[in-house]
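Worksheet for the structure shown next.
Coordinate-derived values only; no laboratory data. What you are looking at is a predicted structure, and each value in this text was computed from that prediction instead of being measured. Virtual Cβ from ideal backbone geometry, glycine too; neighbours counted across all protein chains shown.
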Amino acid sequence: MTMFGSQWLANAGSTYEIDQSIRFNDDDSAKLSRTPSAGNRTTWTYSVWLKRGNIPGLSKDIFSASTNSTNRFEIQFNASEQIRIYQSDSGSTTDDLITNRLFRDPSSWYHLVFRYDTTESTASDRIKLYVNGVQETSFSTANYPTASYEGDVNANVVHTISSRESGGVFFDGYMAEINFVSGTAKAASDFGKTNAATGQWVPKKYTGAYGTNGFYLTGANSSDFGEDFSGNNNDWTSSGLAANDQMSDSPTNNWCVLNSVSLASTATLSNGNLTLSNTSTGATTCTLATPSSGKWYFEVKFDSQSAATTSQAVGVVKAEEAYITGTSGGGIYFFTDGGLRIEGSDTGGWGSAWGVGDTIGVAIDLDANKIWFAIDNTWQASGDPSAGTDPAASGFSSEPYVALIRNGNSSRTTVWTANFGQNAFAYTPPTDFLALNTANLPDPATADPSAYFQTTLYEGNGSTQSIDQDGNSTFSPNFVWIKNRDATDAHALFDTVRGATEVLSSDSTAAEATNDDTLTAFESDGFALGDDVIVNTNNESYVAWQWNEGATPGFDIVSYTGNATARTISHNLGVVPKMMIVKNRADTDNWAVYHAGNTSAPATDYLVLNERDATADDATVWNDTAPTSSVFSVGTSALTNGNTEAMIAYLFAPVEGFSKFSSYIGNGNAYGPMVNVGFQPAFLLIKSTADNKWIMKDTERSPFNASSLSLVANNSDAELTSDQPIDINSNGFKLRTTGSGVNSSGVAYVYMAFAEHPFKTANAR
């Protein structure tokens, strides 16, 4: 299996790599089956790494044991995308656990461990589920088996992987490292571990005993996917699987696929999310965004269409604009009539026409900002990617892009198959061009984002206390933003430039106040608190978001004295800031926010952090001048340059794999835009450019999808529940609401996002 690039580095500190997986296509009714001899039916462990394919809202079984529909055990993704663990005995339910967590991230891999032990005296200990190494404790239904109950697993009945024997419900996606231990309840740590360098859960080779009916399936033998490598010879029978279902996509090398949560309503995916069928207009993009540098190659074969048309296209689109249907925006597409669309402008007659049966090769060089298109290995317009000559387009911006397939006709059904390198390419990639997998992604500058940004939850004690970072003795924040989750209390913002005890509130115009009982000190492993109610009310819950200052995390705190005269202020980022938050410390003025995604001319406009106001146009705020890599501009406005008054500015610049400051367009649909930021977010601040609130979300308060807990930066309200739900995925966030706070149709939203994990190392969430 050719990797076309660098060796896997994401699991630094882990010596265990997984070379392949088994692709289960539900359209093929693919499954593995076996009927074991009777064994220990009270105690066992099942471990599997899997990557979801289609997420259609239909039940999909992972593992089952049954004789008929009334006597069966199954582990499945149910129609609501929860994991359900279920045992029926003669039609009566004995076990039934359903997670609150929703599993609808198709961009990366989950590790699931199911620990079954009915000999435990405590009911909740009899079934344990671990997701990416963490025990799941939040269930919408939690009916545990009785003591010493003997279920169908390890009974002399048909066992199946990827289906239910009595009724289909086939899994769609990829599985790897399938371990079953018979007679012993194992821990998740027997099959995985936390990588010390990244803080991410990674695979570990299981080395214990398997028990009589135990097995270990790897997919290493493509002619016999059911071959047992445990040494027990407990082989399984394969059905609906072919040799090409052995895939290089694995938990230690995650490959790009088409994104099943970013599809037009008329589109469907199959073939491990590599084959697209679409009956109407719309574009589909992939899960892995290129870095803003490097050379990348992929292929798309045009399989079929219901009638001839010239409006089909293959190309790339800016990752931050991937929610666009493909008819406009920052894309570069090659049409079936041989024309190009470059950044919304059409160029007809550029290359040859192409159609059904043709394979389109796409080579993009983000070091030289060039792109080429090939038809069946013939590079168009005499282009030569290896030599870097005669590109289809050049001079576009160096930023992350995603692959795009576009159906441009409302009355045509088109079928396409993408190949990002997980299958042998039809044609040899140009020299030095890499396939789209995580092994080929550069190592991120911030391997562990928690070194620069953290969210901490704590409980007030009404006295004094120190808040550390979950035992992280190396994180000393420069900026701390605190909010009481339980009560109507002001936001409290502190930083090391102004000094501890100096308080500003994002929900208020108030000038800076000195309060010796709020944040009393910045410490080497966190911060210390006094007894003031806004930061430390007894028995009330708080959240603290914390940032480290510096060029590496792209964050600078600048203090200056205003003079009411248009001028520039120096900063230390070394790159252009994309978001700035400025407050007059000495006066009752609004907070002014600059955001690069705020309209097409952001330097002429501003938003107000303490209000829900729409974007306003005012030349005096930023002097109608965009910031540079060394300075930012202020005009005569008291918001940013009050005469003789102390000012504070928080400046943010994007760091690939760690932070993003951009925008998206809402669609007003419960199936909202998928915003690819290139990492798994830990924190989001979202604001409509129209009249609406500043929404704050994080993965500490909402540790599983859907994320439905919100705080509002512009008011003092307690935490909102069931508010503006979104999914946090391994590559960005997916809007799951019609709520106007994040997804009004046609409205532009700006956001700031900070990473929990870069996509290179992120597991599915």
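Structure notes:
- Of all aspartates and glutamates in the structure, those lying under 18 Å Cα to Cα from residue 687, and not within fewer than 8 positions of it along the same chain, are 320, 321, 507, 605, 611, 613, 617, 698, 717, 719, 723, 727.
- Greater than 25 Å apart at Cα, pairs in 583/760; 193/734; 204/301; 51/301; 51/370: 583/760; 193/734; 204/301; 51/370
- In sequence order, calculated HN-Hα J values of the range 78-85 (Karplus, 6.51, -1.76, 1.60; Hz; x Gly/Pro): 7, 5, 9, 6, 8, 8, 10, 10
- From helices alone, the chain scores 0 deg cm²/dmol at 222 nm; the rule is -39500 (n - 2.57) for each run of n ≥ 4 DSSP H residues, then divide by the residue total.
- In this structure, residue 445 and residue 517 have a Cβ-Cβ separation that, at R0 = 30 Å, corresponds to a calculated FRET efficiency of about 0.20.
- The range 21-247 - convex hull of the alpha-carbon atoms, volume per residue in Å³: 116 Å³
- Each peptide among 512-524, 446-458, 248-260 gets the average number of other Cβ atoms lying within 10 Å of its residues, and from highest to lowest they stand as 248-260, 446-458, 512-524.
- Values of log10 I(q)/I(0), in the order q = 0.07 Å⁻¹, for the chain under a Debye, Cα-only, solvent-free model: -0.53
- Ignoring aspartates and glutamates fewer than eight residues from residue 31 along the same chain, the ones with Cα atoms less than 17 angstrom from its Cα are 61, 74, 165, 172, 177, 224, 227, 228, 235, 245.
- Quotient of C-alpha Rg and 2.2 N^0.38 Å, computed over the range 555-652: 0.94
- Remark: 555, 373 ranked as 555, 373, counting other beta-carbon atoms within 10 Å and listing the fewest first.
- Computed from phi, the 3J(HN,Hα) profile of the range 127-132 under the Karplus parametrisation 6.51, -1.76, 1.60 (θ = phi - 60°) reads 10, 10, 10, 10, 10, 6 Hz, with x in place of Gly and Pro.
- For the range 489-517 and the range 632-677, distance of Cα centres in Å: 20 Å
- Cα-based shape type of the range 659-758, given that a ≥ b ≥ c are square roots of the gyration tensor eigenvalues and the cut on a/c is 1.5: rounded
- Across the options 102, 233, 88, the greatest Cα extent toward the positive end of the charge dipole of the range 21-247 (unit charges at beta carbon of Lys, Arg, Asp, Glu) belongs to 102.
- Working note: Karplus 6.51/-1.76/1.60 with θ = phi - 60° gives the range 725-739 the couplings x, 9, 9, 8, 10, 5, 10, x, 9, 10, 6, 10, 7, 8, x Hz, where Gly and Pro are set to x.
- Burial ranking of peptide ranges 559-572, 720-733 (average Cβ count within 10 Å, highest at the top): 720-733, 559-572
- Lys/Arg +1, Asp/Glu -1 at C-beta; the chain dipole; positive extreme among 680, 551, 63: 63
- Between 598, 650, 630, the Cα set farthest toward the positive side of the dipole of the range 555-652 (charges on each charged residue's Cβ, about the Cα centre) is that of 630.
- Here the chain is treated with +1 on each Lys and Arg Cβ and -1 on each Asp and Glu Cβ, and its dipole about the Cα centre works out to around 1380 debye.
- Mean shadow area of the range 267-440 over all directions, Cα convex hull, nm²: 8.7 nm²
- For the pair the range 89-129 and the range 164-192, the centres of their Cα atoms are 12 angstrom apart.
- P(r) weight above 26 Å for the range 399-525, C-alpha pairs, percent: 53 percent
- Zone of residue 568's modelled label, taken as backbone nitrogen in the range 617-659 under 15 Å from a point 7 Å along Cα→Cβ: 623-635
- Exposure proxy ranking, count of Cβ atoms within 10 Å, fewest first, for 218, 67: 67, 218
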